[in-house]
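To start, the structure itself, in structure tokens.
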Amino acid sequence: MSPRRAAAGEIARRRVWLCDLDGTLVDSAPAHRAAFRAALAEVAPGLAGSFRYDAHAGASTADVAAALGAGPEVAARLVRRKQQIYRGHVEAGRVEVLPGARRLLDRLVSGGRTAYLVTSGSRGSVERVLSATALGGYFRGVLTADDVPTSKPHPGCYLEACRRWAIEPGDAVAVEDSAHGVAAAVSAGLVTLQVHAAEPAPGAIAMNGLDDVVSLLDAEASLLDAEVPLLDAEVSLLDAEGGCP
């Protein structure tokens, strides 16, 4: 079996999709990186030299501040200032929808699937992004860093999403971009597609981009269509044998 057919089999019949936002559906990394650097320069310039945004992709702003060694008071100031600066970038139109995002979300909704958003962003920032990009209407629910005490790579966000929305992990697919996000989703027991990553994280099904995920849905449809003749043949055989006992 080809890798794509095997991947299509993994997502087959799963009707719930849990999507990450930053780096997965929207290109927010430049805005986040610039906001972090500006906030660090203002609030904690001594920590700026150790900051590498890529090392923290997928984590909440509060967790990044803690990882940099900021004390509680400095961390709180850093979080507030970084969020203010980032939200300014969002309102200025500097966060754009990634290629294939609308196509994927359209396909999920039109295909009768349910999409939820599970992100480590703060609710205020996430709501601004969804409004600015007109993506909010695709999601039945949104879970943010404000809703759980831990952020990715801890699985708490996905476990809470499953609890809150009565989702069985075996019925769901997660779409992530970062290693942190993949670790969270896989640890929660979810089949996880990873996009936009040079190296796939452990446990992920690697996809080049969101258009590839749409192609995977096409492959899933073909796989399910191929099962119909087999089912018809089984019914015909039962009919010939006099039906089920």
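The values are calculated or read from the model by the stated rules, or taken from the named source; none is laboratory data. Keep in mind that what you see is a predicted model, and the values were worked out from it rather than measured. So basically every Cβ, Gly included, is an ideal-geometry build from the backbone, and we count neighbours across all protein chains shown. Calculation scope for accessible area: heavy atoms of the full protein, side chains included, ligands and nucleic acids excluded. Shrake-Rupley method; radii C 1.70, N 1.55, O 1.52, S 1.80 Å.
Determine, yes or no, whether A101 is among the aliphatic types (A, V, I, L, M) and surrounded by fewer than 20 Cβ atoms within 10 Å (Cβ to Cβ). It is false that A101 is among the aliphatic types (A, V, I, L, M) and surrounded by fewer than 20 Cβ atoms within 10 Å (Cβ to Cβ). Based on what the data block shows, is R15 open to solvent by 70 Å² or more (accessible area, probe 1.4 Å), touching a residue at least 60 places away in the same chain (Cβ under 8 Å) and within 18 Å of the chain's Cα centre (by Cα)? Taking the combined requirement at face value, the residue satisfies it.
For the range 187-201, the criterion of being open to solvent by less than 40 Å² (accessible area, probe 1.4 Å), over 20 Å from D54 (Cα atoms) and part of a helix (DSSP H, G or I) is met by none of the residues. Cβ separations smaller than 6 Å between residues 6+ apart or across chains give the following pairs from the range 72-94 residues that are within 10 Å of S125 (Cα to Cα) to residues that are surrounded by 16 or more Cβ atoms within 10 Å (Cβ to Cβ) and β-branched (V, I, T): V90/V129. For A70, the criteria (1) assigned to a loop (DSSP other than H, G, I, E, B); (2) under 28 Å from G209 (Cβ atoms); (3) among the small types (G, A, S) hold in every case but one, which is (2). Taking the residues in the range 114-156 that are in contact with an Asp or Glu (Cβ under 6 Å, 6 or more places away or on another chain) and either in a helix (DSSP H, G or I) or of a type in the set (A, V, I, L, M) (or both) as candidates, determine which candidate is surrounded by the fewest Cβ atoms within 10 Å (Cβ to Cβ). By that ranking, first place goes to R123.
If you go through the range 166-181 and keep only what is more than 15 Å from L21 (Cβ to Cβ) and either part of a helix (DSSP H, G or I) or of a type outside the set (D, E, K, R) (or both), you end up with A166, I167, P169, G170, D171, A172, V173, A179.
Exactly one residue out of A38, A55, A31 is open to solvent by 10 Å² or more (accessible area, probe 1.4 Å) and either acidic (D, E) or touching a residue at least 12 places away in the same chain (Cβ under 8 Å) (or both), and it is A38.
In the range 206-226, the residues that are farther than 15 Å from A174 by Cα reach residues that are open to solvent by 50 Å² or more (accessible area, probe 1.4 Å) with C-beta atoms within less than 7 angstrom, at least six apart or across chains, in these pairs: D211/P99; D211/R103; A219/R4; A219/R5; L223/R5.
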